[in-house]
1. Considering only the other residues whose Cβ falls under 13 Å of the Cβ of S61, what net charge follows from Lys and Arg at +1 and Asp and Glu at -1?
2. Length gain on complete extension for the stretch L140 to V119, per 0.36 nm per residue less the alpha carbon to alpha carbon distance?
3. I want the antiparallel fraction of DSSP beta bridges within the chain, as a percent rounded to 5.
4. Can you compute the charge dipole magnitude of the chain about its Cα centre, using +1 on each Lys and Arg Cβ and -1 on each Asp and Glu Cβ, nothing else charged? Give it in debye, rounded to the nearest 20.
5. Which values of log₁₀ I(q)/I(0), to two decimal places, follow from the Debye formula for the chain at q = 0.10, 0.13 Å⁻¹ with a uniform point scatterer at every Cα?
6. Can you tally the lysine pairs in the chain where the Cα-Cα distance is under 23 Å and the two residues are eight or more apart, or on different chains?
7. If you add up the charges near T103, with Lys and Arg at +1 and Asp and Glu at -1, over every other residue whose beta carbon is less than 12 angstrom from its beta carbon, what do you get?
8. Using the Cβ atoms and a cut-off under 14 Å, what net charge is assigned to the surroundings of T26, where Lys and Arg are +1 and Asp and Glu are -1?
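The values are calculated or read from the model by the stated rules, or taken from the named source; none is laboratory data. Not measured: the values here are computed from a predicted model. Heads up, the Cβs are rebuilt from the backbone with ideal geometry, glycines too, and the neighbour counts pull from every protein chain shown. Note: accessible area is taken over every heavy atom of the protein model, side chains too, but ligands, DNA and RNA are not part of it. Shrake-Rupley method; radii C 1.70, N 1.55, O 1.52, S 1.80 Å.
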Amino acid sequence: MLINVTGSQAKAASGITIHGLTLRDTSATYLAPHGLPSGGDWALQKQGAITLVGTEGVSISENLFTEMDGNAVFIGSYHRGLTIEANEFYGIGDSVLAAWGDTSECLNQNCSKSLPKGVKMGPDGRGGDQPRGTVVRGNLAHEIGLWQKQSSLWFQAVAAQTTLEGNVRYFPNSNPSMVWRWCLSGLYCAAPFP
C-alpha cells in the first residue's frame, strides 16, 4: 500500500486529489487475507496501492500505475463522488480497480436475526456504507492479472450508481465484474469495453 486514505461515513476524508504521479513496485498480495464479497467464487483482498475507505469528493487522475503485484486501487465501505479519470494501468498483478461496500449485520428488518458482530455481509444496505456515484472514465489498462487470474479493470460488490465511460482495456478474461447485484446496484456503462 502506497497511499491510504481512511475516514468513515460520519467523518469522511474529503476533497483529496491524487494527480500526476507514477506509482509503482508494490509487493505481492496473493497470500494476504482475502474475503468473499459474494456467494460466488471471487475472493478479494481489501487493499490496493491506493486504499480508500470512507471518502467524499476524491479525484484520482492522470497517474501511471505500473509494476504492482496487487490491486491498483481499492475502494472500501462508504464513498460518494469518487472520480477515477485518465490514468494508465500497466503490469498490475490483480484487479485494476476494486470497489467493495458494506451492508449491516442484520438478516431481517428488525435485526432479530443477525450475523456475528463485525460481519457486515447481511442483505440490508440501508446504512449507506457503500461506494455510490463513482465515475471511472477515460482510463487505459493493459497487462493486468499477472498473478491473480480472476481479475478485471473494474470489480464491484455491494456498490451502486457507478458510471464506466470511455475506458480502454486490452487483456483477456476481464470484463467488468459486478457481483451480488442488490437493489441499489445501478451500474451505467456509457460505452462498451473494447
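1. With Lys, Arg at +1 and Asp, Glu at -1, the neighbours total -2.
2. 4.1 nm
3. 5 percent
4. My answer is approximately 580 debye.
5. Each listed q maps to, in turn, -0.37, -0.63.
6. Final tally of qualifying lysine pairs is 6.
7. So the environment of T103 carries a net charge of -2.
8. Summing Lys and Arg as +1 and Asp and Glu as -1 gives -3.
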